[in-house]
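Chemist: Have a look at the structure that comes next, please.
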Amino acid sequence: MIRGIRGATTVQANQAEEIIKETKKMVEKMVEVNQVKPEDIASVLISVTPDLNATFPAKALRLIDGWKYVPVMCMPEINVPGSLAQCIRVMMTVNTSLNQEEVEHIYLNEAIKLRPDLLGKD
C-alpha cells in the first residue's frame, strides 16, 4: 500500500547548518518510527517557508546512508499571513503495510503547533 508520511520542524535561524541538522533529525525520526527503508520510498517533497533560503534542506537526506537514489524535491511553502515561520515540511510517499491510522507523522520543535491532534498517538 502507498501511504504518505508527514513531518515538520522549525529552525531558530536561516543558517545552512541548522536547516540541514533539523531536517535530517526529522526525516530520520520519520523513517525510524514508521520502519521505512530507502527502497520503500517513492519520493520526498520538502517545502520551506519564505524566510528559509540558506540551503536546500534536501541536502540533509543525502547524508543518510542508502538514500543516494531516493527522489527528493524542494519547493517554497505558501506564504500565508500569520503562519508558522522558519518551518520545514516534508511529505514522504512510501510503500508500507501500515494502516493509515498506524502511520506516525512527526512534528518537532515549534511545528508541534501544526497538528496537535496527531501528537501523543501511540
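Chemist: Give the aspartates and glutamates reachable from K59 as a straight Cα distance under 20 Å; neighbours fewer than 8 places away on the same chain don't count.
Modeler: E17, E18, E22, E28, E32, E39, D40, D51, E77
Chemist: Multiply the residue gap between L118 and Q35 by 0.36 nm, knock off their C-alpha separation, and tell me the result in nm, one decimal place. Can you show the working numbers first?
Modeler: Working: separation 83, 0.36 × 83 = 29.88 nm, distance 1.83 nm.
Gain in length upon complete extension: 28.1 nm.
Chemist: In the chain, what percentage of the DSSP-assigned beta bridges are antiparallel, given to the nearest 5?
Modeler: On the way: 16 of 23 bridges.
So the antiparallel bridges in the chain amount to around 70 percent.
Chemist: Determine the relative contact order of the chain: mean sequence separation of Cα pairs under 8 Å and six or more apart, normalised by residue count, in whole percent.
Modeler: 43 percent
Chemist: Once each part is reduced to its C-alpha centroid, what is the distance from the range 30-51 to the range 75-120 in angstrom?
Modeler: Rounded to whole Å, the Cα centres lie 11 Å apart.
Chemist: Output the pairs from K24/K113; K37/K113; K24/K68 with a Cα-Cα distance over 18 Å in this structure; if there are none, say none.
Modeler: Numbers: K24/K113 20 Å; K37/K113 28 Å; K24/K68 14 Å.
From the list (K24/K113; K37/K113; K24/K68), the Cα-Cα distance tops 18 Å for K24/K113; K37/K113.
No lab work stands behind these numbers, since they all come straight from the coordinates. Remember, predicted model here, so these are calculated numbers, not experimental data.
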